[in-house]
1. Show the residues, 5+ positions off or on another chain, whose built amide H is closer than 5 Å to the amide H of VAL92.
2. Tabulate in residue order the Karplus-calculated ³J(HN,Hα) for the range 95-110, using 6.51 cos²θ - 1.76 cosθ + 1.60 with θ = phi - 60°, rounded to whole Hz; enter x for Gly and Pro.
3. Quick one: 3J(HN,Hα) in Hz for the range 67-75, Karplus 6.51/-1.76/1.60 with θ = phi - 60°, rounded, Gly and Pro as x.
4. Treating the range 54-110 as a set of equal point scatterers at the Cα positions, no solvent, please give the Debye-formula log₁₀ I(q)/I(0) at q = 0.13 Å⁻¹.
5. All other residues with a Cβ under 14 Å from the Cβ of LEU61 taken together, and with Lys, Arg as +1 and Asp, Glu as -1, what is their net charge?
6. Which net charge results for the neighbourhood of ALA79, defined as the other residues with beta-carbon distances under 13 angstrom from its beta-carbon, given Lys and Arg at +1 and Asp and Glu at -1?
7. Rounded to the nearest 20 Debye, what is the dipole magnitude of the range 43-93 about its Cα centre when Lys and Arg each give +1 and Asp and Glu each give -1 at the C-beta?
8. Are there chymotrypsin sites (Phe, Trp or Tyr not before Pro) in the range 32-110 that DSSP puts in a loop and that have at most 15 other Cβ atoms within 10 Å, and which ones?
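The values are calculated or read from the model by the stated rules, or taken from the named source; none is laboratory data. Owing to the predicted nature of the structure, the values given are computational and were not obtained by experimental measurement. All Cβ positions, glycine included, derive from the backbone under ideal geometry; neighbour counts span all protein chains shown. Each accessible area value is taken on the protein alone, full model and side chains, heavy atoms only, with ligands, DNA and RNA left out. Shrake-Rupley method; radii C 1.70, N 1.55, O 1.52, S 1.80 Å.
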Amino acid sequence: MSQTFIIKRRTDKIDDTPTAVDLEQSILDVRKAYSDGTEEEFARFYRRRYRVAESIVLRVLRARDKILELRTKHSDMLADDFAELMHAEHRVKHEFVQVVLRMQQKEMEK
């Protein structure tokens with residue numbers, strides 16, 4: 001008797017690496033907790049602790065600063081429209097803009 005084995009492909013995501021938005025959220029959360037020091041010092045700390053390149057950490061922090069700066073200029077826009085604007089003009093992901101705006105709103109509520 002011969003047996004036939006059927007190999008099925010996995011449809012689940014077996015790679016558990018964080019998505020880009022998860023990484024960006026993590027950087028912003030840790031930065032809020034470790035707010036002392038310059039951004040360069042924080043990038044070195046984050047690199048040593050989480051093995052993420054300093055350039056990525058600095059890029060996320062600078063993008064956050066740019067979002068917050070432009071949000072004050074465009075405060076009359078809805079959040080979704082503002083996210084579209086940031087994506088179109090500055091190539092910042094919609095999800096990241098929403099994360100930054102949510103974090104800012106939580107800070108303002110405190």
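1. Excluding prolines and chain starts, which carry no amide H, the hits are HIS87.
2. Using θ = phi - 60°, the values come out as 4, 5, 4, 5, 4, 5, 5, 5, 5, 5, 5, 5, 5, 6, 6, 6 Hz.
3. Coupling constants for the range 67-75: 4, 5, 5, 6, 5, 5, 6, 10, 5 Hz.
4. Debye curve over Cα of the range 54-110, log10 I(q)/I(0) at q = 0.13 Å⁻¹: -0.30.
5. Once positives and negatives cancel, what remains is 0.
6. Result for the neighbourhood of ALA79: -3.
7. Using Cβ point charges on Lys, Arg, Asp and Glu, the range 43-93 gives about 700 debye.
8. Listed in order of number, the matching sites are TYR34.
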